[in-house]
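Asks: Before we start, here is the structure in question, set down as C-alpha cells.
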Amino acid sequence: MASFDVNALVVIHNESENRFEVSLGGPLALATYRLREGSMIINHTEVPPPFEGRGIAAKITRAALDYARAHNLKVVPSCPYTAAFLRKHAEYHDLLSPEDKQRFVGF
C-alpha cells in the first residue's frame, strides 16, 4: 500500500448522507451523525482496516466536532471512538452537555 500524508486528506461534509467522509482512493473513511434538538449525535466512525492507525478517524472526528461548534450544536458521542476521542481532547469538552460531560469525561 502506498503511503500518504494524512494532513493532505480532505474531509468532506456529505450533508445528504449525514456524514463526514474522506475518500481513500476508492474506500471511504467516515463518521455518521444525526441532528436532534440542537445536538449532533455522532453514532459511528469507520476507517477501512488497511488504513487504520494513521490518524484518519481523528481527522474526521475533529471536522465533525468543529462543525458542531460552528453551528452551536452540543455533541452526543454514541460512537465509542468519538467518546474516547472526547475524553482525550479537553478542547472539545465544551461541546458536551453537563450530563454527558459527567458521563463521558468524568467531571
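Asks: For Val76, which of the numbered conditions (1) at pLDDT below 95; (2) of a type in the set (A, V, I, L, M); (3) closer than 15 Å to Met40 by Cα fails to hold?
Replies: It is condition (1) that Val76 fails.
Asks: Tally time: how many residues in region 79-103 are surrounded by 13 or more Cβ atoms within 10 Å (Cβ to Cβ), under 15 Å from the mean Cα position of the chain (by Cα) and either among the polar types (S, T, N, Q) or closer than 23 Å to Val47 by Cα (or both)?
Replies: Residues meeting the conditions: 10.
Asks: Run down His71, His13 and say which single residue is surrounded by fewer than 16 Cβ atoms within 10 Å (Cβ to Cβ), in contact (Cβ under 8 Å) with a residue 40 or more places away in the chain and out of contact with any Ser or Thr (no Cβ under 9 Å at 6 or more places or on another chain). Reasoning before the result, please.
Replies: Details: His71 fails: in contact (Cβ under 8 Å) with a residue 40 or more places away in the chain.
Unique residue meeting the criteria: His13.
Asks: Going through region 61-107 one residue at a time, which ones are of a type in the set (Gly, Ala, Ser) and on the phi < 0 side of the Ramachandran plot?
Replies: So the first thing to find is which residues in region 61-107 are of a type in the set (Gly, Ala, Ser), and the list is 63-64, 68, 70, 78, 83-84, 90, 97, 106.
Passing the criteria: Ala63, Ala64, Ala68, Ala70, Ser78, Ala83, Ala84, Ala90, Ser97.
Asks: Among the residues of region 34-48, is any in contact with a Leu (Cβ under 8 Å, 6 or more places away or on another chain), free of Cβ contacts under 8 Å to residues at least 60 places away in the same chain, over 19 Å from Leu86 (Cβ atoms) and not acidic (Asp, Glu)?
Replies: Yes, some residue in region 34-48 is in contact with a Leu (Cβ under 8 Å, 6 or more places away or on another chain), free of Cβ contacts under 8 Å to residues at least 60 places away in the same chain, over 19 Å from Leu86 (Cβ atoms) and not acidic (Asp, Glu).
Asks: Right, Glu21: among the acidic types (Asp, Glu) and within 19 Å of Phe104 (Cβ to Cβ) or not? Give the steps one after another, and end with the answer.
Replies: Numbers: among the acidic types (Asp, Glu): yes; within 19 Å of Phe104 (Cβ to Cβ): no.
Against the criterion (among the acidic types (Asp, Glu) and within 19 Å of Phe104 (Cβ to Cβ)), Glu21 does not qualify.
Asks: Another question about this same structure. Does Val6 qualify as being aliphatic (A, V, I, L, M) and either over 11 Å from the mean Cα position of the chain (by Cα) or over 19 Å from Lys88 (Cβ atoms) (or both)?
Replies: When the stated conditions are applied, Val6 passes them.
Asks: Here's a check for you: in region 89-107, which residue that is part of a helix (DSSP H, G or I) and among the hydrophobic types (A, V, I, L, M, F, W, C) is nearest to Phe4 (Cα to Cα)? Lay out the reasoning, then the answer.
Replies: Residues of region 89-107 that are part of a helix (DSSP H, G or I), as a first pass: 90-95, 98-105.
Right, trim to among the hydrophobic types (A, V, I, L, M, F, W, C) and you get 90, 95, 104-105.
Working: Ala90: 28, Leu95: 31, Phe104: 33, Val105: 33 Å.
For region 89-107, the residue satisfying everything is Ala90.
The values are calculated or read from the model by the stated rules, or taken from the named source; none is laboratory data. Just so it is clear, the model here is predicted, and its values are computed rather than measured. Counting neighbours? That spans all protein chains shown, and the Cβs are built from the backbone with ideal geometry, glycine included.
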